[in-house]
1. Can you check how the C-alpha radius of gyration of the chain compares to 2.2 N^0.38 Å, as a plain ratio?
2. If contacts are Cα pairs under 8 angstrom and at least 6 residues apart, what is the relative contact order of segment 19-144 in percent?
3. Mind listing P(r) for segment 167-321? All alpha-carbon pairs, 10 Å bins, whole percents.
4. Leaving out ligands and nucleic acids, and using a 1.4 Å probe, what accessible area per residue does segment 189-313 come to in Å²?
5. How long are the three semi-axes of the equivalent ellipsoid of segment 227-316, in whole Å, if each is the root of 5 times an eigenvalue of the C-alpha gyration tensor, listed from largest down?
6. Binned at 5 Å from 0, what are the whole-percent values of the Cα-Cα distance distribution for segment 1-102, short to long?
7. Identify which of Val208, Val99, Val290 has the largest mean-square fluctuation in a Gaussian network model of the chain, with springs joining Cα atoms closer than 10 Å.
8. May I ask you to rank Lys6, Lys104, Lys225 by accessible area, largest first, using a 1.4 Å probe over the protein chains only?
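The values are calculated or read from the model by the stated rules, or taken from the named source; none is laboratory data. Note that the structure is predicted; figures quoted are calculated from it, not measured. All Cβ positions, even for glycine, are placed from backbone atoms using ideal geometry, and neighbour counts span all protein chains on display. Note: accessible area is taken over every heavy atom of the protein model, side chains too, but ligands, DNA and RNA are not part of it. Shrake-Rupley method; radii C 1.70, N 1.55, O 1.52, S 1.80 Å.
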Amino acid sequence: MIRFDKVTKKYNGTPVVSDFSLEIEEGEFFVLIGPSGSGKTTTLKMINQLIELTKGTILIDGKRISDYNLQELRWNIGYVLQQIALFPNMTVEENIVIVPEMKKWSKEDMHNRVTELLESVNLDPEQYRDRKVSELSGGEQQRIGVIRALAADPEVILMDEPFSALDPITRSHLQQDVVTLQHKLKKTVVFVTHDMQEAINLGDRICVMNEGKIEQVGTAEEILKRPANDFVREFLQTGLPHYQEEKTVQHLLDHEFYTTETTVFTASVDASTTIDDLILTLSKHPSVKVTDTADQEKIITRDQLVQYLASNLSDTKEVSV
Ligand code: ADP
């Protein structure tokens with residue numbers, strides 16, 4: 001649906017997004033995450049041509065973004081920012097119908113749309129539609145920001161740290177509202193955040209960026225269970241206070257709990273097999289074969305598993321001998 005094909009953005013010759021290739025599916029909630037300066041906003045803004053690419057192509061529904069009429073492209077892409085870009089002296093309704101008005105919707109259609117959208121984020125339409133935006137709380141304003149982006153029924157919504165200025169409770173309510181809305185409306189959402197918990201709460205898939213490049217793309221579960229490299233691992237450890245990577249057979253190999261001597265084995269596992277699954281397999285077989293990343297065969301015996309488990313215990317407990 002949205003395809004990045006070898007996209008590079010340079011400022012004064014310095015790349016801030018490099019050779020970036022990615023496909024975002026239709027109806028997907030896709031999160032871009034990474035430290036400050038990793039190129040998330042630049043990537044997002046290239047989609048609606050707020051930033052021009054230096055090299056490569058972005059396609060929406062198979063058509064290059066540069067081949068779309070710019071106004072049409074922007075109308076069909078909703079955009080929500082952190083700093084609420086609403087007009088404070090206009091009413092809620094006036095703010096929401098900006099794009100529908102430009103698209104020359106009828107008064108009745110606009111009125112109905114405002115009712116429907118306010119209800120979708122649990123704001124009573126009759127109580128809210130005529131209020132000035134400046135009279136609303138931060139959380140209410142950001143709700144209006146979100147539904148305004150949805151007003152003209154765009155296919156794609158871009159969100160750039162929309163909730164990061166809100167207090168944790170309001171933020172969590174809005175996250176929930178956005179997830180519910182997205183499940184109902186099936187829009188394609190590209191969402192920028194630097195908060196891993198938010199990415200996990202919201203994303204169907206998450207793309208971890210660093211220095212303008214992709215470190216890993218996957219579901220929250222894939223990333224949490226199998227961080228692709230040390231950068232992702234450290235990012236998770238810093239962002240999630242209770243994060244502990246699920247250990248796999250690779251961990252035993254890394255710590256030399258194996259033998260290369262010829263030993264009889266009747267079962268095989270992968271280096272990515274979890275320790276729980278290894279325990280299950282070794283409860284039925286005295287030893288298993290595992291092929292490591294260098295294509296070398298190694299054997300893990302029950303004995304070695306027990307020693308490995310004991311060594312992990314002694315990391316956390318004092319073992320009396
Ligand atoms: P993020 O959203 O991940 O924090 P950005 O996409 O905003 O990162 O920025 C990526 C890099 O590009 C940063 O190093 C930033 O300083 C640089 N950058 C962004 N906009 C400009 C600009 N207009 N001119 C020069 N450098 C810029």
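1. Numbers: Rg = 25.0 Å, N = 321, 2.2 N^0.38 = 19.7 Å.
Rounded to two decimals, the normalised Rg is 1.27.
2. Numbers: 71 pairs, mean separation 25.1, N = 126.
Worked out over segment 19-144, it gives 20 percent.
3. 9, 30, 26, 20, 13, 3, 0
4. Numbers: 6740 Å² over 125 residues.
Accessible area per residue, segment 189-313: 54 Å².
5. Details: eigenvalues 129, 45, 24 Å².
Semi-axis lengths for segment 227-316 are 25, 15, 11 Å.
6. Cα pair-distance distribution for segment 1-102, in percent: 2, 10, 19, 22, 18, 14, 9, 5, 1.
7. The residue that fluctuates most here is Val290.
8. Values: Lys6 125, Lys104 170, Lys225 70 Å².
From most accessible down to least: Lys104, Lys6, Lys225.
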